[in-house]
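Below is one structure; the comments refer to it alone.
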Amino acid sequence: MFRANRLLTATALGLCAMTAHAGASGQAIAPAAIDAHVKVLASDEFEGRAPLSQGETLTIRYIADQLASGGVKPGGANGSWFQAVPMVESTTAPTALTVTGGAAPITLDYITDQVVWTKQVREQTALENSELVFVGYGIDAPEWGWNDYAGLDVKGKTVVVLVNDPGFATGDPKLFNGKTMTYYGRWTYKFEEAARKGAAGVLVVHETAPAAYPWDVVKSSWTGPQFDIVRENDGMDRAAVEGWISSEATQRLFAAAGLDYKALKEAAARPGFKAVPLGNLKVSGTLSNTIRRMESQNVVGIVPGTKRPDEYILYTAHWDHLGTCTPDERGDGICNGAVDNATGVSALIEIGKRFAAARPERSVVLLAVTGEEFGLLGSRYYAQNPIYPLHKTVAGFNMDALSTFGRTRDVVVIGYGKSELEPLLKKHAAQQGRVIVPEPRPEAGSYYRSDHFELAKVGVPMLYADSGVDVIGKGAEWGQSQSAEYVARHYHKPSDEYRADMDFSGTAEDAELLFQTGLELANSSQWPKWLPTAEFGAAREASLKGASK
């Protein structure tokens, strides 16, 4: 009885804090408003919101209409709501790979053993008797004194690469960033670096712990149509074949080459590792691709500043999801993306409405981007082709996959300790009766997996705050279990869909927190900086210095 009363009191105080925090800036963002948006955006009618689909048409119009209804102005090209993002869609037919050179040929079946594709915009690419080489983590990092490609010529060869980085494998805090993944650990880096070294093929070994998601996510995310922004060279500087290979299939290859996979994996995490050819094994396979070129759209709204309209606060959320995907046991083949990222888009819409009513001194840009699920494409395009000058963009906030578990006592900062935005967030979180905490699983590399990263790379101070796990009335252990269950059972799967029992009270509170934090910044003369520990300070300095010339 005492515990129940205490929880009721805590909840009541929290609600009072929310109301007080809304203050003179107007009515706080309502859970019902988030609920209504998610229900629409994650409906089957929107077909999983894939770029270049009817789902995109419905989605971008909905976002623009909702922002307009709240008083936000069009902020895109030529007075429109949109920024066109030239894209290419490639659909690779299911393809088996054949490995020869051992006692008997090995067939690597599509989906079961591997999922491969190409970023080269061609109707056909191939590997023909390409030598297989294990290059450990596939990292060339001079600042760490680490080069897995040292003395190695991989031109025409196919490299087998471990995901994540040596710090994760060893837990050594002095090795890279220890358990916290660096960009060197991301699969995107593995493909990019192998291409720079001239590899013909790249196979990243999937293991659930270092990848931070199960093989089912590989099957749903990298099969079917894949997208990229249009590049001048049509991706001809990329490897002919890229993809994932399962841990089980990798072990079969090592055994066929007479190598001890476990021992070599351990050796790869130690300084001085040297790449190892997989015996005489060679891989072959032909990829047949269907190519389509079209324009996708970023949605851009703006609330013009009343005093300093040429200075901008940026809010980002990706509107896209996977569209149709591998059907589940129910026969459901639509990946609706309710949590990922209808929640973030819903928050973006409501934050835009709040700013329109608040009339901030600086301008506020609401940017709903395309193609995040396929490599942060829309945010990368905006970063390379900004509508509003980057040196005039004061700071930004990103929202991606907000919690639907209820209100929490904590707020998670992804990439904790990177910028001066965090003390500002901490102040407003305290007004909600909350605390900010580092991400619980830094080894997942979440900082490099959402749209803020593309803006951070060009210097804009970006904050990626996420829902906490210490759920009021249920505790941190329960919240952590719910988060783990989402990743294991629903992330990038048809089951990430709207449910009537979703609790959007925490989603709304998180959105209100980001609004209040941005509002203070919009009504001030502050220019937050990157902290010395962040890797983006030089890019910011170059941006500001270049603009002053």
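We did not get these values from a lab; they are worked out from the coordinates using the rules stated. Here the structure is a predicted model, which is why all the values come from computation and not from measurement. Methodologically, a virtual Cβ is constructed for each residue, glycine included, from the backbone with ideal geometry; neighbour enumeration extends over all protein chains shown.
Tell me the net charge near K174. Cut-off is 14 Å between Cβ atoms, K174 excluded, with +1 for each Lys or Arg and -1 for each Asp or Glu. Charge balance near K174 sits at -1. Sequence-ordered 3J(HN,Hα) estimates for the range 101-116 from the Karplus curve with 6.51, -1.76 and 1.60 and θ = phi - 60° stand at x, x, 4, 8, x, 10, 9, 9, 6, 5, 6, 6, 9, 7, 10, 10 Hz, glycine and proline given as x. Working ranking of peptides 153-165, 367-379 by packing, defined as the average number of other Cβ atoms within 10 Å per residue, highest first, is 367-379, 153-165.
Amide H contacts under 5 Å for S296: V85, M87, restricted to partners 5 or more places along the chain or on a different chain, H placed in the peptide plane at 1.01 Å from N.
Rounded to a whole number of µm²/s, how large is the Stokes-Einstein D of the range 393-549 at 10 °C and 1.306 mPa s, given Rh as the Kirkwood radius over C-alpha pairs?
On the way: Rh = 16.6 Å.
Approximately 96 µm²/s, per Stokes-Einstein.
Cα gyration tensor of the range 195-252, axes a ≥ b ≥ c as square roots of the eigenvalues: rounded (a/c below 1.5), prolate (a/b > b/c) or oblate? Oblate, since a/c reaches 1.5 and b/c is not below a/b.
Backbone phi angles across the range 284-290, fed through the Karplus curve with coefficients 6.51, -1.76 and 1.60 (θ = phi - 60°), yield HN-Hα couplings of 9, x, 10, 9, 9, 10, 9 Hz in residue order; Gly and Pro are listed as x. Put simply, the amide H of V437, placed in the peptide plane, has neighbours under 5 Å in V411, V412, V413, leaving out anything fewer than 5 places away on its chain.
Quick one: of the DSSP bridges fully inside the range 90-291, what percent are antiparallel, nearest 5?
Rounded to the nearest five, the antiparallel share is 60 percent.
For the chain, the mean residue ellipticity at 222 nm estimated from helices alone is -9500 deg cm²/dmol, where every DSSP H run of n ≥ 4 contributes -39500 (n - 2.57) and the total is divided by all residues, rounded to the nearest 500. Rounded to whole numbers, the Karplus 3J(HN,Hα) couplings from phi for the range 211-216 are 7, 6, 7, x, 4, 4 Hz, using 6.51 cos²θ - 1.76 cosθ + 1.60 with θ = phi - 60°, and x at Gly and Pro.
Whole-percent P(r), the chain, all Cα pairs, 20 Å bins from 0: 21, 54, 22, 2.
Dividing the alpha-carbon Rg of the range 90-291 by 2.2 N^0.38 Å yields what? Please report the intermediate quantities before stating the final value.
Details: Rg = 15.9 Å, N = 202, 2.2 N^0.38 = 16.5 Å.
It is 0.96.
Which shape class, rounded, prolate or oblate, goes with the range 163-214 when its Cα gyration tensor gives a ≥ b ≥ c as root eigenvalues, a/c under 1.5 marks rounded, and past that a/b bigger than b/c marks prolate? Here the range 163-214 falls in the oblate category.
Electrostatic tally near V72: other residues with Cβ closer than 14 Å to its Cβ, Lys and Arg +1, Asp and Glu -1, net +2.
Label point of A96 set 7 angstrom out along Cα-Cβ; within the range 269-287, amide nitrogens under 20 Å from it belong to 281-287. Compute the long axis of helix 343-358 from its Cα atoms, compare it with the longest principal axis of the Cα atoms of the chain, and write down the angle in degrees, 0 to 90, nearest 10. So the helix axis and the longest Cα principal axis differ by about 30 degrees. Among H490, H206, the ranking by other beta carbons within 10 Å of each residue's beta carbon, starting with the fewest, stands as H490, H206.
Stretch N385-D153 to full length: gain in nm at 0.36 nm per residue minus the Cα-Cα span? Don't skip to the answer; put the middle values down first.
Numbers: separation 232, 0.36 × 232 = 83.52 nm, distance 3.58 nm.
Length difference between fully extended and current span is 79.9 nm.
The H on the amide N of Q226, modeled in the peptide plane, is under 5 Å from the matching H of S90, T91, T92, each at least 5 residues off or on a different chain. Go ahead and collect, in residue order, the members of the range 217-245 whose backbone nitrogen is under 11 Å from a label point 7 Å along the Cα-Cβ direction of T290. Within reach of a label on T290, which here means backbone N under 11 Å from a point 7 Å along Cα→Cβ, the range 217-245 contributes 224-225.
So how tilted is helix 421-431 from the main axis of the chain? Cα-based, degrees 0 to 90, rounded to 10. So the inclination is approximately 50 degrees.
Would you mind giving the average projected area, over all directions, of the Cα convex hull of the range 265-379 in nm² with one decimal?
On the way: hull surface 58.4 nm².
If I average the Cα hull's projected area over directions, I get 14.6 nm².
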